[in-house]
Amino acid sequence: MAKKKTLHCSFCGRTEADGATLLPSPAEDACICIDCIETAASMLGMMSDNEQDGVVARARANSRQNGKAPARQEANKPIPKPHEIKDFLDQYIIGQDQAKKYLSVAVYNHYKRLDQPVGDDGVEIEKSNIIMVGPTGTGKTLIARTIAKILDVPFTIVDATVLTQAGYVGEDIESLLTRLLQVADYDVKRAQRGIVFIDEIDKIARKGDNPSITRDVGGEGVQQGLLKLLEGSVVNVPPQGGRKHPEQPMIAVDTKDILFICGGAFEGIEQAIAHRLNSSFVGFSTDAASRKIERDRFMSHVAPQDLRTFGLIPEIIGRLPILTHLLPLDRDALRRILTEPKNAIVRQYVKLFAMDGVELTFDPAALDYIVDKAIEFKLGARGLRSIVETIMMNSMYDMPSTDNKKFTVTAQYCAEQLEAAHFDASAV
């Protein structure tokens with residue numbers, strides 16, 4: 001006669017011999033005792049609806065990971081080389097070669113760092129976080145979004161403007177890791193291998209050097225809170241983001257292997273760069289004194305000390321060792337952005353009209369007119385989209401209801417539409 005298997009609670013480990021009343025699972029060889037059921041019910045009763053949803057989401061995610069193979073197997077795919085990453089970025093982004101090279105190398109090294117063998121030589125590769133500096137509309141966020149398409153690690157973009165120091169209105173610094181957990185389907189191990197792009201990092205700069213009776217809770221306070229995340233530490237993250245509560249369940253995330261990429265416009269940093277460069281040109285050397293740097297190219301001379309002058313604290317600058325810049329887009333780059341990338345603006349509108357059976361074409365003179373307006377208004381690449389949207393609004397309204405199957409956008413049509421919409425320099 002076969003010996004009856006002893007059942008035990010899968011949570012506390014007690015058996016029926018210990019006086020536990022067990023409820024077996026019909027699908028698997030697992031049990032839970034009445035005491036553990038009551039404990040779980042009391043815990044859920046103290047949680048809000050959002051907190052309960054977070055617990056359920058993590059349980060479902062763990063169930064999927066335990067019952068199936070992970071949806072993405074990073075280890076089985078070859079590591080993309082820096083040239084391959086940059087070639088992929090070139091398909092979507094015009095210019096900014098230096099920034100794309102820096103990002104390609106950083107991502108490649110991040111992959112290698114995650115796969116580094118544990119040896120006896122004592123050499124441990126540390127991560128190199130990146131900060132990108134460039135005017136608005138030059139492609140910082142676009143580079144981050146595009147590079148996410150080639151990655152096999154969790155990737156998310158977060159905004160630094162909503163962060164405040166702990167205890168104040170806004171979101172805690174740790175909540176930016178919540179987005180990474182959500183992308184990783186609450187798989188903590190996958191999230192700890194991810195990449196986080198922190199946008200608008202310049203908006204948390206120190207508001208001023210003058211002492212004040214009030215705390216800089218959205219500036220230097222946030223920078224201080226980011227230090228432990230950038231360098232690497234175990235952080236307790238609320239599963240649904242937002243504020244922490246004493247009774248709220250937390251998820252421990254180790255940021256040691258998370259790569260952080262920061263980006264910001266740093267409006268006005270050119271003045272700090274110009275001041276530093278001019279101070280180095282003082283003297284009687286005619287060659288150095290006569291040399292002048294174009295105002296639009298000041299950004300190519302950005303240095304860590306300029307970030308400190310702008311308002312970033314030295315500690316956070318030290319944790320962002322790789323500094324790269326994005327130059328303002330010239331006329332040629334803006335012209336190419338209109339037509340060359342895979343998701344070029346012109347291609348998007350051609351596809352929109354094609355879905356209504358209309359063949360849309362742009363005259364070269366019309367494209368030149370759009371670029372000239374973007375340069376005149378100093379709107380960057382984002383301005384191209386707003387200008388084209390204004391020009392095409394009436395045609396997108398009328399064409400689906402007409403029998404015309406062809407439509408050509410001319411420079412004269414562009415001028416008429418912008419004038420009718422009062423899209424001039426005074427409105428910008």
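A few comments on the model shown:
- Considering segment 117-160, the residues that are within 14 Å of I258 (Cα to Cα), surrounded by 19 or more Cβ atoms within 10 Å (Cβ to Cβ) and not β-branched (V, I, T) include one that is modelled with the lowest pLDDT, namely K127.
- Tallying residues that are open to solvent by 30 Å² or more (accessible area, probe 1.4 Å), out of contact with any strand residue (DSSP E or B) (no Cβ under 6 Å at 6 or more places or on another chain) and at pLDDT 90 or above within segment 338-360 yields 10.
- Search result, residues across segment 302-321 that are among the aliphatic types (A, V, I, L, M), in contact with a helix residue (DSSP H, G or I) (Cβ under 6 Å, 6 or more places away or on another chain) and more than 14 Å from E267 (Cβ to Cβ): I313, I316, I317
- Criterion: open to solvent by 70 Å² or more (accessible area, probe 1.4 Å), of a type outside the set (S, T, N, Q) and in a helix (DSSP H, G or I) - qualifying residue of R308, R335: R308
- Qualifying residue in segment 19-34 (condition: modelled with pLDDT under 70, within 24 Å of A144 (Cβ to Cβ) and either touching a helix residue (DSSP H, G or I) at 6+ places or on another chain (Cβ under 9 Å) or surrounded by 10 or more Cβ atoms within 10 Å (Cβ to Cβ) (or both)): no
The values are calculated or read from the model by the stated rules, or taken from the named source; none is laboratory data. Given the structure is predicted, the values throughout are model-derived calculations rather than measurements. All Cβ positions, even for glycine, are placed from backbone atoms using ideal geometry, and neighbour counts span all protein chains on display. Areas reflect the complete protein model, heavy atoms only, side chains present, ligands, DNA and RNA absent. Shrake-Rupley method; radii C 1.70, N 1.55, O 1.52, S 1.80 Å.
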